[in-house]
Amino acid sequence: MAVLKHIKSKNANYSDAIDYLLFQHDENNGKKILDDSGRPILREEYYIDGLLCTPESFDKECEITNKKFHKNQNASDIKSHHYIISYDPTDVTECGLTGEKAQALSLALAKKIFPGYQALIVTHTDGHNKSGNIHTHIVINSVRKCTAERAPYMSQPHDHEAGYKHRATDKFTKYFKKEIMDMCQEHGLHQVDLLIPAKIKITDKEYRLQQSGQKKLDKINQEIIDSGLKPTSGKFQTQKQYLRDAIDECAPVCKNFEEFQSVLFEKYQISVTDHRGRYSYLHPERNKRITERALGTRYGKEHLEQVFLQKDPLAIIFVKSHLRLVVDLQTNIKAMQNSAYANKVKITNLKQMANTIIYLQKHDIDNKTSLESAYAASYMQQQKAQDQVTNLSLQLKDLNQQIHYTGQYLSNKKTYTAFFNSKNKGLYRKNHASEIQAYETARDWLKQNLSEETIPSLKKLYEKKSSLQLSLNAYKDVLSDCKSQVHELDVVRQNVDSILNHQTPEYFKTSEQVL
């Protein structure tokens, strides 16, 4: 199925678009790939055409149009719009689609969709990570060069006139998608209904954020493994994916929206509100809410209300087990159901007992000795993680001081240099006492605390801080996970003793899902 992506750009250098479309680029950092002589390498296969411009001079011709209409002169202006049509990989094997054919189809479509605009139409056959799916890039100048006929999606009186800017409205996007669907149907290509919102909506920006975040996490996790600890997670989550995963876990166990609100906040610190018939979610590390539309229809009110209706009351289960400790606990729980204990044992207590049994079964703990060993091992892991967090926190504190004094040193260096070169140093110091004092304090601190002869730039210090903060956050997650494990095991130990002695167990809140 062909899909459509849209990217707005404020980059005034239109040459960057030409470079990206013609030359190979590293998908991780966006930089051009160079040969042994330091020259950029052309893409292996591409097809290029221009609308109202020569492809090679697209950049200069767009600048001329902008200047003519006095548009796109500010940094905040959107200079170009980049649309990507990605065809289904099976169109190549089953429908005979080639790069040349895709270029012809996309060129005809671009002429219909973007009349009056200068545009580059470029088809690539490599796909992301050499996946092989054929896709076409359509890059247009945001200012219309020539007046065109009005189209059904246009809502403003000047939308079709020369000198006015392209507006990527919902009506336009639906119109564009409908034309893509009609094109695919006419030429026998695979296609889905692009007008139906996606169940799980992942934008190109989120996809690339996940890819870069995963690489950083892999590097940090390797450092954690090398230090003898176990990473909390091997998979990087974007904030949106964190919301999706949390909703997927919490929604099926809730009977209504109010319970969903409570469970989602209690387990994941995610706030959810129902406003004008739509849900919006607040990630614990954000100040701005994320709407259900940004996540996909699977996470919207309409779908989740159907999920709530399917919820049945959870029954307490006792799994059959080969573990002696689990069998002993089950026997004692059954004994607690006789008339002597019936009035004392509440449903909530039975749930705590069931949670304890499920935990032991899940972790294959056969006896109390194994339970104590697991607790001791988890406690040792917690101590190691705590040591790492303490060490990294101290490093970050020292680095923040270095950044503070380096900034203070650099900001007052010009004043101190002028003081050093002044003929009347006493008068100059009197007039600039605070700046000179700040410089000398910073200089003395840097001399005393830095081993390097030269002072690192603030840019390098902030890069080091960013890397250090990432490592610290990762170890904090490890520490939090270790603390949770220690707490869970400690509660399990207490509950095991209570059940074996026919006593009411302690409250047990586990991260494991109750079956």
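Yes or no: the range 174-190 includes at least one residue that is in contact with a His (Cβ under 9 Å, 6 or more places away or on another chain), without any contact (Cβ under 8 Å) to a residue 40 or more places away in the chain and under 30 Å from N66 (Cα atoms).
Within the range 174-190 (the criterion being in contact with a His (Cβ under 9 Å, 6 or more places away or on another chain), without any contact (Cβ under 8 Å) to a residue 40 or more places away in the chain and under 30 Å from N66 (Cα atoms)), the answer is no, since none of the residues qualifies.
Please work out which residue is nearest to L21 (Cα to Cα), limiting yourself to the range 61-92 and to residues that are surrounded by fewer than 17 Cβ atoms within 10 Å (Cβ to Cβ) and either touching a strand residue (DSSP E or B) at 6+ places or on another chain (Cβ under 7 Å) or hydrophobic (A, V, I, L, M, F, W, C) (or both).
Only one residue tops the list, namely I84.
For E506, state whether it is assigned by TED's automatic domain parsing to the domain that holds T406 and at pLDDT 90 or above.
Working: assigned by TED's automatic domain parsing to the domain that holds T406: yes; at pLDDT 90 or above: no.
No.
For a quick check of your reading of the model, give me the residue pairs whose first member lies in the range 27-49 and is in the same structural domain as A102 (by TED's automatic domain parsing), whose second is of a type in the set (S, T, Y), with beta-carbon atoms closer than 7 Å and at least 6 apart or on different chains.
Within 7 Å, the pairs are N28/S212; E45/T125; Y46/T123; Y47/T123.
Please specify each residue of the range 256-309 satisfying the condition of being under 18 Å from T238 (Cα atoms), among the polar types (S, T, N, Q) and assigned to a loop (DSSP other than H, G, I, E, B).
The answer is Q269, N287.
Name the residue, out of I121, I85, that is closer than 21 Å to E61 by Cβ, assigned by TED's automatic domain parsing to the domain that holds S57, in contact (Cβ under 8 Å) with a residue 40 or more places away in the chain and assigned to a strand (DSSP E or B). First the steps, then the outcome.
On the way: I85 fails: closer than 21 Å to E61 by Cβ.
Only one candidate passes the filter, namely I121.
Suppose the filter is outside the structural domain of G30 (by TED's automatic domain parsing), of a type outside the set (D, E) and exposed (fewer than 13 other Cβ atoms within 10 Å of the Cβ); does Q237 pass it? Break it down stepwise before answering.
Working: outside the structural domain of G30 (by TED's automatic domain parsing): yes; of a type outside the set (D, E): yes; exposed (fewer than 13 other Cβ atoms within 10 Å of the Cβ): no.
So Q237 does not fit the description; no.
Restricting to the range 1-26, name every residue that is under 20 Å from N66 (Cα atoms) and either in contact with a helix residue (DSSP H, G or I) (Cβ under 7 Å, 6 or more places away or on another chain) or among the hydrophobic types (A, V, I, L, M, F, W, C) (or both). Explain how you work it out, then say what you get.
If we filter the range 1-26 for residues that are under 20 Å from N66 (Cα atoms), which is where we start, we get 7-18.
Scanning the range 1-26 gives I7, A12, Y14, S15, A17, I18.
What's the number of the only condition in (1) closer than 20 Å to Q24 by Cβ; (2) at pLDDT 95 or above that F114 fails to meet?
Here F114 meets the rest and fails (1).
Name the one entry in C53, C95 that is crowded, with 17+ Cβ neighbours inside 10 Å and either modelled with pLDDT under 95 or assigned by TED's automatic domain parsing to the domain that holds H158 (or both). Full working, then the answer.
Numbers: C95 fails: crowded, with 17+ Cβ neighbours inside 10 Å.
One residue alone meets the criteria, C53.
For the range 88-118, enumerate the residues that are more than 28 Å from R144 (Cβ to Cβ), of a type in the set (V, I, T) and in contact (Cβ under 8 Å) with a residue 60 or more places away in the chain. First the steps, then the outcome.
Looking only at the range 88-118, we keep the residues that are more than 28 Å from R144 (Cβ to Cβ), and these are 88-101.
Still in the list and also of a type in the set (V, I, T): 90, 92-93, 98.
Residue satisfying the conditions is T90 alone.
Just wondering, is there one or more residues in the range 346-364 that are more than 30 Å from S227 (Cα to Cα), of a type outside the set (V, I, T), loosely packed, with under 13 Cβ neighbours inside 10 Å and at pLDDT below 95?
There is at least one residue in the range 346-364 that is more than 30 Å from S227 (Cα to Cα), of a type outside the set (V, I, T), loosely packed, with under 13 Cβ neighbours inside 10 Å and at pLDDT below 95.
The values are calculated or read from the model by the stated rules, or taken from the named source; none is laboratory data. Source: prediction; values computed, not measured. In this analysis, Cβ positions are derived from the backbone assuming ideal geometry, glycine residues included, and neighbour counts consider all displayed protein chains.
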